[in-house]
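To keep things clear, I will list the structure first and then write my remarks on it.
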Amino acid sequence: MGFTLSNQQQLLSKIATGNGHGENSPYFDGWKAYDSDPFHPTKNPNGVIQMGLAENEMCFDLIQEWVLTNPEASICTAAGVNEFKDIAIFQDYHGLPEFRNAVANFMGKVRGNRVTFDADRIVMSGGATGAHETIAFCLADPGDAFLVPVPYYPGFDRDLGWRTGVQLIPVACDSSNNFKVTRAALEAAYEKAQKANIRVKGLLITNPSNPLGTVIDRDTLRSLVTFINEKKIHLVCDEIYAATVFSQPSFTSIAEIIEENIECNRNLIHIVYSLSKDMGFPGFRVGIVYSYNDDVVNCARKMSSFGLVSTQTQHLIASMLSDNEFVERFIAQSAERLKARHMRFTMELAQVRTSCLNGNGGLFVWMDLRRLLKEQTFEAEMVLWQTIIHEVKLNVSPGSSFHCPEPGWFRVCFANMDDKTMEIALTRIRNFMAQYKEPIAPRKNNRYWQSNLRLSFQSRRMDDVMMPPCMMSPHSPIPQSPLVRAT
Amino acid sequence: MGFTLSNQQQLLSKIATGNGHGENSPYFDGWKAYDSDPFHPTKNPNGVIQMGLAENQMCFDLIQEWILNNPEASICTAAGVNEFKDIAIFQDYHGLPEFRNAVANFMGKVRGNRVTFDADRIVMSGGATGAHEMIAFCLADPGDAFLVPVPYYPGFDRDLGWRTGVQLIPVACDSSNNFKFTRAALEAAYEKAQKANIRVKGLLITNPSNPLGTVLDRDTLRSLVTFINEKKIHLVCDEIYAATVFNQSSFISIAEIIEENIGCNRNLIHIVYSLSKDMGFPGFRVGIIYSYNDAVVNCARKMSSFGLVSTQTQHLIASMLSDNEFVKRFIAQSAKRLKTRHMRFTMGLAQVGTSCLKSNGGLFVWMDLRRLLKDQTFEAEMVLWRTIIHEVKLNVSPGSSFHCPEPGWFRVCFANMDDKTMEVALTRIRTFVLQDKEAIVPRKSNRLWQSNLRLSFQSRRMDDNMMSPCMMSPHTPIPQSPLVRAT
């Protein structure tokens, strides 16, 4: 009983047959190249190095050591197994009290104890992915919009908009002022929405920024708070990279701003958090919604039923993050190692006249390759990108996938590899830069020059490979699993 | 800056300010009574016994033993910690291949190896709660409907309808034929929808049934398949209680039906599964969508980003459920212990003239207390229910919370307690039934009698207490966490 495509479309929902999942985009080349030829120091030393994944692999030695010395944190060890049943049957959507306390404690420590967090406002979600969707469901109706400064994490389109019907309206930022958000740009975006009869429900910021790796200064944060209060719209602050800030200027959380003597309706302030970046635990799906609005806490908590954190993981995290000595040491070490890695990377790039936006956080640099573009267009950016993937053999993320308004910027992740691999990556970049003193021209005889190349695959599994890196899960260490989510 | 209620409503979405979460319902009394006076064998032997939770606590001894013998299943033991990093960073939404294989293997074994499941069709979700929502998002647009035979699990209204805008249309079933579906009832429900201009996208069945504890026979299953094929609508089969059938060979999965030579478009067939009931792991949030429709698998897999299973848990489950010897032993023992418990309970009830619907699965009985009603009304059912809670001191679930069309039925869970507690519960029921040979009259001087009693609380946390049991998470062992989800 074969069904035609239109039959299938009638069978499924509009959400299912539409493109809101964001994965039908031509950015699959980098991932396919990596998947078919992944770098390995000994088995495949000439393979593609994955630099499109914002993962934090810097401190697993510390974590492993802690895990071994704290067997009671697991419900599977002799020390912890007596709790197995109670943990396995616990499904209260408040979460284990010790889990909420530990997360609140950790969040405070990450912010240097400059603020404290109320454990009763900690709400679980299916990773930050689930947190963003939950927030959108709580704050906005279908057709409503959130303002989002560009460049921004490509997953936001799917997270806030796919199943919710909410739209994202970009707030223009550019390199003329290092991509800072200006009041004028906010007003312009807001008015554009008004004119189009689109109701703006909130402003979404990521601080520290992905992909920029910068933090928002105190004055700008205050002005954002003023703006959203005037417009009576929400402020959603994704602070997922909070602990990755490694040098001055230090990170200022929105939590600190609202503690100041500033006119702010707290009902408008919400924080999205996760342990995926700061701890390096994306697999554990520990997403957090922290809202100063009681109704949002209550609603989000009910919605958390759709994406609770496994109690096995809650139990582990509760134990780990309430160990203050470990937490303090981890935060300090993580920042130090990221700083060293960042410094090494940016200094080496500077040696070959390659600059990055001046950043002090995140797991990546925002690399400026505008001078290598044949012309300042996104087509030229794609050409350069494909060259980097196929010749330099690095999978980096082109700025256009982050809705960057200027071509030529690339996000390059450096925290998901060991020192040796990074040196190899640096060597390849150095060689490339030394070679290409001229801007990159399209390679006419090469099939991958076709910027809209879309390889067609018969099998369903290969179809999955066509996912764009910006929409995919970070690639697993197992090459057989091609679907990844770039973060 | 205080906000009025209407301001708050404008601040939040319609979804957030509406009642689709299903928790504003008068059924909070039972939970409140339990929370304020929970039974404990020594510390509070006269407390309320929780019989409103469909939890499976029968085999944790087997699980605990397995855990201790298989330290490599955990990433926190000395034997397993070397995998910690790879597991913690794995976030591919396909899930660990070994996890999918193990779940497919387990599902086949639960069905006596009469069918096999394709690991590539296993898609993760945030528990069965997340699975149902995801299926609705994949198959239906806002305003579309699913037919659901009554009585049904109250969580379905929230799971399939809250954030999706999908509605549930009941298919009438009653005790005259032991609540079996009839073709006539299906047709009637379908036509009623057509007349109201509601587009029916599918039929949702739970097999084995919650709350009935019965399984569907082969002919009924075949007729359902015929019906949905004729109407070209989907069939969603929640098989979450598959392994709770006492005599395993009597459970017929939809997977077996479609393997028969029956005219069936496989694109219409989907199974929802979870480890919450069969294994007793509701806290681990292991929800599964298994669809025979490739496009649904692909779409659901993308959506699973909002509710992936923690890789720490995937890893544990992969290990446990690929141990064939353990799996066989577990399935057999679990069925045996449930059968014994069920038999003891139903015989104990029969001795005092109290019958239950004849059932052979589930973690509960569907108790017939119609003869104790003052009159055959739902008001009388509520009066009887409050008496059972406050005098008999058992928290059971009234049939009306399951959309049962006939008053007087109660779901009574028996698998979430040890033998001694069950004996205490039985004694209380027997005493009560023998005492009240007359139908229960409302107690006029008692404030309990006020059937629309809604206690008002000032603090937000106490407001949470007003949640209806049918929408709450199973109560934690910790009395301070009042929110529970009845399942």
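Taking the conditions (1) free of Cβ contacts under 8 Å to residues at least 12 places away in the same chain; (2) farther than 26 Å from A:Gly47 by Cβ in turn, A:Asp368 satisfies each one other than (1).
The single condition among (1) surrounded by 23 or more Cβ atoms within 10 Å (Cβ to Cβ); (2) within 14 Å of chain A (Cβ to nearest Cβ); (3) not in a strand (DSSP E or B) that B:Asn229 does not meet is (1).
Would you pick out the residues in region A:393-402 that are out of contact with any Cys (no Cβ under 7 Å at 6 or more places or on another chain), under 20 Å from A:Leu363 (Cβ atoms) and outside any loop (DSSP other than H, G, I, E, B)?
Result: A:Leu394, A:Asn395, A:Pro398, A:Gly399, A:Phe402.
Restricting B:Asp238, B:Asp159 to those that are crowded, with 17+ Cβ neighbours inside 10 Å, without any contact (Cβ under 8 Å) to a residue 60 or more places away in the chain and touching a Ser or Thr at 6+ places or on another chain (Cβ under 8 Å) reduces the list to B:Asp159. If only one of A:Asp92, A:Asp118 is facing another protein chain (nearest Cβ under 8 Å) and either over 28 Å from A:Lys14 (Cα atoms) or surrounded by fewer than 22 Cβ atoms within 10 Å (Cβ to Cβ) (or both), which one is it? From the options A:Asp92, A:Asp118, the qualifying one is A:Asp92. The set of residues in region A:403-428 that are in a helix (DSSP H, G or I) and buried (at least 23 other Cβ atoms within 10 Å of the Cβ) contains only A:Ala425. Of all residues in region B:41-97, those satisfying the criterion of being farther than 30 Å from A:Met279 by Cα and among the small types (Gly, Ala, Ser) are B:Gly47, B:Gly52, B:Ala54.
Working carefully through the options A:Gly307, A:Gly283, A:Gly287, find the one that is without any contact (Cβ under 8 Å) to a residue 24 or more places away in the chain and in the same structural domain as A:Gly130 (by the TED database). Before the answer, list the steps.
Values: A:Gly307 fails: without any contact (Cβ under 8 Å) to a residue 24 or more places away in the chain; A:Gly287 fails: without any contact (Cβ under 8 Å) to a residue 24 or more places away in the chain.
Unique residue meeting the criteria: A:Gly283.
Residue count for region B:356-380 satisfying the condition of being surrounded by 14 or more Cβ atoms within 10 Å (Cβ to Cβ) and part of a loop (DSSP other than H, G, I, E, B): 9. Would you pick out the residues in region B:54-80 that are free of Cβ contacts under 8 Å to residues at least 60 places away in the same chain and surrounded by fewer than 19 Cβ atoms within 10 Å (Cβ to Cβ)? Within region B:54-80, B:Asp61, B:Gln64, B:Glu65, B:Leu68, B:Asn69, B:Pro71, B:Ala78, B:Ala79 qualify.
Among the residues of region A:20-29, is there at least one that is in a helix (DSSP H, G or I) and aromatic (Phe, Trp, Tyr)?
Within region A:20-29, the subset in a helix (DSSP H, G or I) is A:29.
Adding the requirement that they be aromatic (Phe, Trp, Tyr) leaves none.
The answer is no; no qualifying residue exists.
Among what's in region B:305-326 and is among the small types (Gly, Ala, Ser) and in a helix (DSSP H, G or I), pick the residue that is most open to solvent (accessible area, probe 1.4 Å).
In this case the residue turns out to be B:Ser319.
When B:Ile240, B:Ile252 are checked against the criterion of being assigned to a loop (DSSP other than H, G, I, E, B), within 14 Å of chain A (Cβ to nearest Cβ), of a type in the set (Val, Ile, Thr) and under 30 Å from A:Phe306 (Cα atoms), a single residue qualifies: B:Ile240. Scanning region B:64-79 for residues that are more than 7 Å from chain A (Cβ to nearest Cβ) and assigned to a loop (DSSP other than H, G, I, E, B) turns up B:Asn70, B:Ile75, B:Ala79.
Only one entry of B:Ala295, B:Ala332 meets the criterion of being farther than 24 Å from B:Ile87 by Cα and at the interface with chain A (Cβ under 10 Å from one of its Cβ atoms), and that entry is B:Ala295.
Screening B:Thr164 with (1) free of Cβ contacts under 8 Å to residues at least 40 places away in the same chain; (2) closer than 28 Å to B:Thr346 by Cβ gives one miss only, at (2). Filtered by the rule that a residue be in contact (Cβ under 8 Å) with a residue 24 or more places away in the chain and open to solvent by 10 Å² or more (accessible area, probe 1.4 Å), region A:95-114 gives A:Glu98, A:Asn101, A:Asn105, A:Lys109, A:Val110, A:Gly112, A:Arg114.
Apart from one condition, A:Ser276 fits all of (1) in a loop (DSSP other than H, G, I, E, B); (2) more than 8 Å from chain B (Cβ to nearest Cβ); the exception is (2).
Working only within region A:340-355, note down all residues that are in contact (Cβ under 8 Å) with a residue 40 or more places away in the chain and surrounded by 15 or more Cβ atoms within 10 Å (Cβ to Cβ). Show your work before the answer.
Taking region A:340-355 and keeping what is in contact (Cβ under 8 Å) with a residue 40 or more places away in the chain, we get A:341-342, A:344-345, A:348-349, A:351-354.
Across region A:340-355, the qualifying residues are A:Arg341, A:His342, A:Arg344, A:Phe345, A:Glu348, A:Leu349, A:Thr354.
Per this entry, A:Ser319 is not counted among residues that are at negative phi, under 22 Å from the mean Cα position of the chain (by Cα) and outside the structural domain of A:His403 (by the TED database). Going through (1) open to solvent by 50 Å² or more (accessible area, probe 1.4 Å); (2) within 14 Å of chain B (Cβ to nearest Cβ) one by one, A:Ala196 falls short only on (2).
Name the residue, out of B:Asn46, B:Asn82, that is within 11 Å of chain A (Cβ to nearest Cβ) and out of contact with any Pro (no Cβ under 7 Å at 6 or more places or on another chain). Show your work before the answer.
Numbers: B:Asn46 fails: within 11 Å of chain A (Cβ to nearest Cβ).
Only one candidate qualifies: B:Asn82.
The values are calculated or read from the model by the stated rules, or taken from the named source; none is laboratory data. Treat the numbers as computed from the prediction; the structure is a model and nothing was measured. Please note: Cβ atoms are built from the backbone with ideal geometry, for glycine as well, and neighbour counts cover all protein chains shown. With ligands, DNA and RNA removed, areas are computed over all heavy atoms of the protein, side chains included. Shrake-Rupley method; radii C 1.70, N 1.55, O 1.52, S 1.80 Å.
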